[in-house]
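To start, the structure itself, in structure tokens.
The values are calculated or read from the model by the stated rules, or taken from the named source; none is laboratory data. If you're wondering where the values come from, they're calculated on a predicted model, not measured in any experiment. Reconstructed Cβ throughout: ideal geometry from the backbone, glycine too, with neighbour counts over all protein chains shown. Note: areas computed on protein heavy atoms with side chains; ligands, DNA, RNA excluded. Shrake-Rupley method; radii C 1.70, N 1.55, O 1.52, S 1.80 Å.
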Amino acid sequence: QVQLVESGGGLVQAGGSLRLSCAASGRTSGFNVMGWYRQAPGNQREFVAHITSGGGTSYADSVKGRFTISRDNAKNTVYLQMNSLKPEDTAVYYCRWLGPYNAWGQGTQVTVSS
């Protein structure tokens, strides 16, 4: 199986930045996709961004130009650099692993104050 450990959430003012990290361990060999999703209170979980083990990326329209996803394959770690944060970015952010084994992280809270 795959285990995911997230870090980097917190409270920031609008316009500020945060960087989330997610480290994977376990059965991590083979092609995979690491991504970030988020869930605000009362809303469904939604896609934010993902990156393949080959480096291909995809972003939700709501975060394009503000968020950057990257990964370190040697460390099986994915990062989400979030700039120009808005109050509507407030949510619990979840790391996602897709591959021969799938997994979700435990979630990390991001709160953006206006």
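Indicate, rounded to the nearest 5 percent, the antiparallel portion of the DSSP beta bridges found entirely in the chain. Mind showing how you got there, number by number?
Details: 39 of 43 bridges.
Taking every DSSP beta bridge with both residues in the chain, the antiparallel ones total about 90 percent.
Hey, can you grab everything whose amide H is under 5 Å from the amide H of VAL48? Only 5+ residues off in sequence or another chain; H modelled, so Pro and N-termini drop out.
TRP36, TYR37, ARG38
Using θ = phi - 60° and the Karplus form 6.51 cos²θ - 1.76 cosθ + 1.60, what ³J(HN,Hα) does each residue of segment 100-112 get, whole Hz, x for Gly and Pro?
Working through the residues one at a time gives x, 10, 10, 7, 10, x, 7, x, 9, 7, 10, 10, 10 Hz.
Using 0.36 nm per residue of separation minus the Cα-Cα distance, give me the extension gain between SER7 and ASP72 in nm, one decimal. Don't jump to the answer; show the numbers that get you there.
On the way: separation 65, 0.36 × 65 = 23.40 nm, distance 1.53 nm.
Stretched out fully, the SER7 to ASP72 stretch lengthens by 21.9 nm.
Per residue, how many Å² of accessible area does segment 1-112 show with a 1.4 Å probe? Show your work: numbers first, answer last.
Values: 5570 Å² over 112 residues.
Here the per-residue accessible area is 50 Å².
With all protein chains present, how much of the accessible area of the chain (probe radius 1.4 Å) comes from carbon and sulfur, to the nearest whole percent? Walk me through the numbers before you get to the answer.
On the way: 2710 of 5750 Å².
The value for the chain is 47 percent carbon and sulfur by accessible area.
Using only Cα atoms, locate the centre of segment 93-110 and the centre of segment 11-82, then give the distance between them in Å, rounded to an integer.
Between the Cα centres of segment 93-110 and segment 11-82 lies a distance of 9 Å.
Taking all protein chains together and a probe of 1.4 Å, list VAL12, VAL110 from the most accessible to the least accessible.
Working: VAL12 25, VAL110 0 Å².
Highest to lowest solvent-accessible surface, that is VAL12, VAL110.
Rounded to whole Hz and in sequence order, give me ³J(HN,Hα) for segment 57-68 from the Karplus expression 6.51 cos²θ - 1.76 cosθ + 1.60, θ = phi - 60°, writing x for Gly and Pro.
With coefficients 6.51, -1.76 and 1.60, one gets 10, 8, 9, 5, 4, 5, 10, 4, x, 10, 10, 10 Hz.
Okay, which of segment 27-50 sit inside 12 Å, backbone N to the point 7 Å along the Cα-Cβ direction of GLN109?
Zone members listed by number: 41.
Taking the simple approach of a point 7 Å from Cα along Cα-to-Cβ for both GLU46 and PHE31, what is their distance in nm?
Spacing of the two 7 Å Cα→Cβ label points: 2.9 nm.
How high is the relative contact order of segment 24-85, given as a whole-number percent (alpha carbon pairs under 8 Å, six or more residues apart)?
Numbers: 84 pairs, mean separation 16.1, N = 62.
Dividing the mean separation by the residue count of segment 24-85 yields 26 percent.
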